[in-house]
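The values are calculated or read from the model by the stated rules, or taken from the named source; none is laboratory data. Bear in mind that the values here come from a model prediction, so they are computed numbers and not experimental data. Cβ placement follows ideal geometry from the backbone for every residue including glycine, while neighbour counts extend to all protein chains displayed.
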Amino acid sequence: MPNQTLWGHPKGLYILFFTEMWERFSYYGMRAILILYLTAKTSEINPGLGWDKVSALELYGWYTMMVYVMSVPGGLLADRLLGQKKTVMLGGFLLCIGHLILAFDALWAFYTGIVFIILGVGALKPNISTMVGGLYQKGDTKRDTAFTIFYIGINIGAFAAPLLVGYVGEVINWHYGFGLAGIGMALGQVVYIWGQKYLKNIGNFVPIKREEGTNRKVKLTPIEKDRMLVLILSFIIVMVFWGAYEQAGGLLNLFARDKIDRVMFGFTVPASFLQSLHAFYVILIGLPIAYFWKLWRKKGKEASSLFKMGIGTIITGFGFLFLAKAAMDASIAIDGKASIYWLLGAYFLHVVGELSISPVALSFITKLAPIKYASFMMGAYFMVTGLGNKLAGLLGEAAQSAGEKTIFLSVFAFCVGFGIVLILFVKKLNKLTHGADSEDSNIIIVEAE
Ligand code: PHE
């Protein structure tokens with residue numbers, strides 16, 4: 001039974017697909033309305049908490065950082081104690097409880113709910129990704145396709161959630177929205193429990209044997225040292241990138257609500273709806289971008305991972321130029337609002353950047369890290385993603401005093417400058433990888449996503 005296949009893949013893959021799809025549905029659904037709920041006035045028909053924007057962005061930054069930072073203990077818990085399968089189960093339960101609590105209209109419920117969600121995502125997200133890989137033998141080419149399928153699941157969840165949860169939460173009642181996100185998670189959990197029979201052989205706890213003679217001290221060879229250096233650099237790139245990109249759910253969500261004319265074809269688009277755009281674009285251009293880099297490499301052009309990451313950073317930066325233009329337009333418009341097209345364009349460029357950085361970076365990191373640090377690196381990747389989220393929150397806070405235009409222009413200048421420097425040094429930096437980046441690293445979809 002566990003080895004049964006469907007459309008060429010183990011049935012377990014589809015179980016993980018739907019579980020993660022619903023988990024992301026709940027995460028992105030909640031996230032789409034979080035900042036709007038925190039800052040909505042207490043006197044509104046659908047009353048929020050009435051916080052000022054700085055406090056709201058601060059909490060938002062901590063929250064989005066912690067969900068990913070907790071992946072590190074989440075991974076350890078699986079490795080040392082429970083195995084991935086049980087840790088995912090635990091995470092799912094924590095998430096169901098967290099979302100259920102959020103549906104209550106009380107401050108204690110709000111704080112307790114988000115703590116449960118942080119712990120839940122930390123337990124579920126890294127381990128479910130590792131389980132996908134566990135369904136295949138090493139070197140099985142279906143593995144990459146499996147991650148592609150899994151990644152599509154993530155983005156279907158991330159696309160649908162802001163529309164449904166966003167509508168219910170922003171237009172009807174915030175707590176119904178949180179509740180709906182919770183129903184999504186509960187469905188994911190039901191699928192996971194029901195699907196256990198297809199997951200018999202994977203994600204089980206395997207005690208780690210200490211190999212005899214293993215040197216506990218970190219003694220790295222000169223080659224490993226060089227690679228470590230490039231690894232640290234790639235972590236910085238990843239952090240800078242998410243620091244820019246992840247402003248979407250915080251600062252840009254508020255910006256869309258207050259300073260963008262959201263009337264399209266006679267219909268006022270709720271701000272939260274725009275949170276589904278990233279996932280929509282990923283589904284739309286994920287494969288074309290992968291194909292583009294493949295052709296580029298075939299033509300014999302520079303297509304190393306660091307080069308792609310540099311280009312991705314520059315393109316992301318240009319998205320902020322669009323946003324700066326919108327901020328400028330809004331500041332002089334009579335109604336104080338700018339055209340929505342700047343935002344649609346900026347998000348598009350951000351996704352082009354995402355597809356050239358996020359999957360590429362993860363595969364790069366796993367290739368460069370010494371084998372004994374492979375799972376640690378997965379955790380580290382999630383951690384820098386978390387730090388990037390915090391950076392995004394900090395930039396949002398800064399925008400409240402410096403103004404959006406200044407922040408958008410600064411992010412634009414920094415990302416473009418940083419990307420250019422990276423590209424100028426790419427040949428030198430590539431040498432430090434000592435050939436570890438030579439095979440095609442352009443797998444668009446990889447584990448942590
Ligand atoms: N869109 C990705 C996801 O939700 C973002 C992400 C990348 C999150 C890497 C964590 C780590 O899965």
Taking the range 99-109 and the residues there that are more than 20 Å from the chain's Cα centre (by Cα) and within 17 Å of M185 (Cα to Cα), the one that is surrounded by the fewest Cβ atoms within 10 Å (Cβ to Cβ) would be F104
Only one residue in V72, V67 is within 16 Å of the ligand (Cβ to nearest atom), at pLDDT below 95, in contact with a helix residue (DSSP H, G or I) (Cβ under 8 Å, 6 or more places away or on another chain) and not small (G, A, S), so which one is that? V72
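Looking at I183, I223, I208, which one is more than 15 Å from the ligand (Cβ to nearest atom), modelled with pLDDT of 95 or more and of a type in the set (A, V, I, L, M, F, W, C)?
I183
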Exactly one of these conditions fails for L90: (1) touching a residue at least 40 places away in the same chain (Cβ under 8 Å); (2) over 27 Å from L391 (Cα atoms); (3) not β-branched (V, I, T). Give me its number. (1)
Restricting to the range 278-291, give me the number of residues that are out of contact with any Lys or Arg (no Cβ under 9 Å at 6 or more places or on another chain), at pLDDT 90 or above and either crowded, with 21+ Cβ neighbours inside 10 Å or more than 28 Å from L34 (Cα to Cα) (or both). 3
Selection count where residues are of a type in the set (A, V, I, L, M), in a helix (DSSP H, G or I) and closer than 17 Å to V426 by Cβ, scope the range 280-309: 2
Which condition breaks for A303 when tested against (1) aliphatic (A, V, I, L, M); (2) over 22 Å from the mean Cα position of the chain (by Cα); (3) within 16 Å of the ligand (Cβ to nearest atom)? (3)
The one condition in (1) buried (at least 24 other Cβ atoms within 10 Å of the Cβ); (2) over 23 Å from N389 (Cβ atoms) that I149 fails to fulfil: (1)
Residue check, F17 against (1) away from the ligand (no atom under 16 Å from the Cβ); (2) in contact (Cβ under 8 Å) with a residue 60 or more places away in the chain; (3) over 23 Å from Y111 (Cα atoms), all met but one. Which one? (1)
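What do you reckon, is T39 within 16 Å of the ligand (Cβ to nearest atom), β-branched (V, I, T) and touching a residue at least 24 places away in the same chain (Cβ under 8 Å)? Spell out the reasoning first.
Numbers: within 16 Å of the ligand (Cβ to nearest atom): no; β-branched (V, I, T): yes; touching a residue at least 24 places away in the same chain (Cβ under 8 Å): yes.
Spelling it out, it is not the case that T39 is within 16 Å of the ligand (Cβ to nearest atom), β-branched (V, I, T) and touching a residue at least 24 places away in the same chain (Cβ under 8 Å).
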(1) more than 30 Å from S363 (Cβ to Cβ); (2) in contact (Cβ under 8 Å) with a residue 40 or more places away in the chain: which one isn't true of G266, the others all being true? (2)
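Here's a check for you: in the range 120-141, which residue that is touching a Pro at 6+ places or on another chain (Cβ under 9 Å) and assigned to a helix (DSSP H, G or I) is surrounded by the most Cβ atoms within 10 Å (Cβ to Cβ)? Give the derivation first.
Going through the range 120-141, the residues touching a Pro at 6+ places or on another chain (Cβ under 9 Å) turn out to be 122-123, 135-136.
Now narrow it down to the ones that are assigned to a helix (DSSP H, G or I): 122-123.
Values: G122: 26, A123: 29.
Within the range 120-141, the match that is surrounded by the most Cβ atoms within 10 Å (Cβ to Cβ) is A123.
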List pairs: first residue in the range 21-33 and in a helix (DSSP H, G or I), second residue of a type in the set (D, E, K, R) and surrounded by 24 or more Cβ atoms within 10 Å (Cβ to Cβ) anywhere in the structure, Cβ distance under 8 angstrom, at least six positions apart or on different chains. E23/K125
Under 6 Å between Cβ atoms, which residue pairs at least 6 apart in sequence (or on different chains) link something in the range 152-179 that is free of Cβ contacts under 8 Å to residues at least 24 places away in the same chain with a partner that is assigned to a helix (DSSP H, G or I) and of a type in the set (A, V, I, L, M)? V168/L180
Flag for G345 being part of a helix (DSSP H, G or I), within 21 Å of G61 (Cβ to Cβ) and either in contact (Cβ under 8 Å) with a residue 24 or more places away in the chain or not aromatic (F, W, Y) (or both): no
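Conditions (1) under 21 Å from A248 (Cβ atoms); (2) part of a helix (DSSP H, G or I); (3) within 11 Å of the ligand (Cβ to nearest atom); (4) modelled with pLDDT under 90, marked per residue:
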{"site": "H350", "(1), (2), (3), (4)": "yes, yes, no, no"}
{"site": "V360", "(1), (2), (3), (4)": "yes, yes, no, yes"}
{"site": "I365", "(1), (2), (3), (4)": "no, yes, no, yes"}
{"site": "Y373", "(1), (2), (3), (4)": "no, yes, no, yes"}
{"site": "N389", "(1), (2), (3), (4)": "yes, yes, yes, no"}
{"site": "A392", "(1), (2), (3), (4)": "yes, yes, no, no"}
{"site": "S410", "(1), (2), (3), (4)": "yes, yes, no, no"}
Exactly one of these conditions fails for Y341: (1) of a type in the set (F, W, Y); (2) at pLDDT 85 or above; (3) within 16 Å of the ligand (Cβ to nearest atom). Give me its number. (3)
For the range 426-449, which residues satisfy the criterion of being of a type in the set (D, E, K, R) and at pLDDT below 90? D437, E439, D440, E447, E449
Of all residues making up the range 130-170, the number that are more than 16 Å from the ligand (Cβ to nearest atom), closer than 29 Å to E44 by Cβ and of a type outside the set (F, W, Y): 6
